[in-house]
Amino acid sequence: MVALLRQHHFVLNMDLRIRKHSGMILQLAVLLWCSHGAIGKDSCEGPLVSNLPQSSFRSSSQLSNSHGPGFAKVNRRDGAGGWAPVESNKYQWLEVDLGERTEITAVATQGRYGSSDWVSSFLLMFSDTGCNWKQYRQEDNIRAFTGNSNADSVVQFKLQQAVFARFLRLLPLDWNPNGRIGLRLEAYGCPY
């Protein structure tokens, strides 16, 4: 009888230990899923450009020092309210060095504050070196993005396929015919 009670007690203790470990394993699985699974992917949408120093920006040209590329941050009014090149033509570009290889999931544009200057369509390019550039493609076609229709509204584009790059370059294709190229930019994503 004593042996039977000991055996029953042993089985009961084993059952409790298994349940305890199963619960811990389940908690661990949920924690891992939250940090690396679906929730982790959705959280890769932090702003990448707004806190960068002016030295992280380059451009083909600038109308004046106050129209320099370092002023091309969405919702900022510094300088002349955004970037504007010397000439408005299809040879202009604005470039951002994100500092490290980054997963880019979205971009947003805005015209130059307090002006009639904005970009109505553009191409997006990316690079790891700042020398060799690739154009953003969607379904194997080069994607031209529709930009702004005024200087104030922010237009955001969630990328169908994330881009992994250190450098981002925007090439204006069209702009307000009654103004010039004027641009403020934000990119969203997370460190890669």
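The values are calculated or read from the model by the stated rules, or taken from the named source; none is laboratory data. These figures come from a predicted structure and were not determined experimentally. Note that each Cβ is placed from the backbone with ideal geometry, even for glycine, and that neighbours are counted across all protein chains shown.
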### Task
Those residues that are part of a loop (DSSP other than H, G, I, E, B) and either under 16 Å from residue 59 (Cβ atoms) or modelled with pLDDT under 95 (or both), I need them from the stretch 125-142; list them, please.
130, 133, 139, 140
### Task
Collect the residues in the stretch 105-119 that are within 20 Å of the chain's Cα centre (by Cα) and surrounded by 20 or more Cβ atoms within 10 Å (Cβ to Cβ), keeping them in residue-number order.
105, 107, 109, 110, 111, 119
### Query
Residues 173, 168, 159: which one is in the same structural domain as residue 76 (by TED's automatic domain parsing), of a type in the set (A, V, I, L, M, F, W, C) and over 17 Å from residue 98 (Cβ atoms)?
173
### Message
When you check residue 107 against the structure, is it under 16 Å from residue 72 (Cβ atoms), of a type in the set (Val, Ile, Thr), touching a residue at least 12 places away in the same chain (Cβ under 8 Å) and assigned to a strand (DSSP E or B), yes or no?
### Response
yes
### Query
Here are some residues: 139, 95, 103. Which one is farther than 11 Å from residue 181 by Cα and touching a Cys at 6+ places or on another chain (Cβ under 7 Å)?
103
## Note on the structure
Within the stretch 77-104, residues being surrounded by 18 or more Cβ atoms within 10 Å (Cβ to Cβ) and without any contact (Cβ under 8 Å) to a residue 60 or more places away in the chain number 2
### Summary
In the stretch 174-192, residues that are farther than 16 Å from residue 95 by Cβ and touching a residue at least 12 places away in the same chain (Cβ under 8 Å) total 12
#### Entry: Residue that is outside any strand (DSSP E or B) and either in contact with an Asp or Glu (Cβ under 9 Å, 6 or more places away or on another chain) or not hydroxyl-bearing (Ser, Thr, Tyr) (or both), where the choices are 112, 101
112
### Yes/no for residue 161 being over 22 Å from residue 50 (Cα atoms), polar (S, T, N, Q), modelled with pLDDT under 95 and touching a strand residue (DSSP E or B) at 6+ places or on another chain (Cβ under 9 Å)
yes
### Qualifying residue in the stretch 127-139 (condition: under 22 Å from residue 81 (Cβ atoms), among the charged types (D, E, K, R), assigned by TED's automatic domain parsing to the domain that holds residue 74 and surrounded by 12 or more Cβ atoms within 10 Å (Cβ to Cβ))
no
### Task
Can you tell me which residue among 66, 50 is free of Cβ contacts under 8 Å to residues at least 24 places away in the same chain, under 30 Å from residue 178 (Cα atoms) and outside any strand (DSSP E or B)?
66
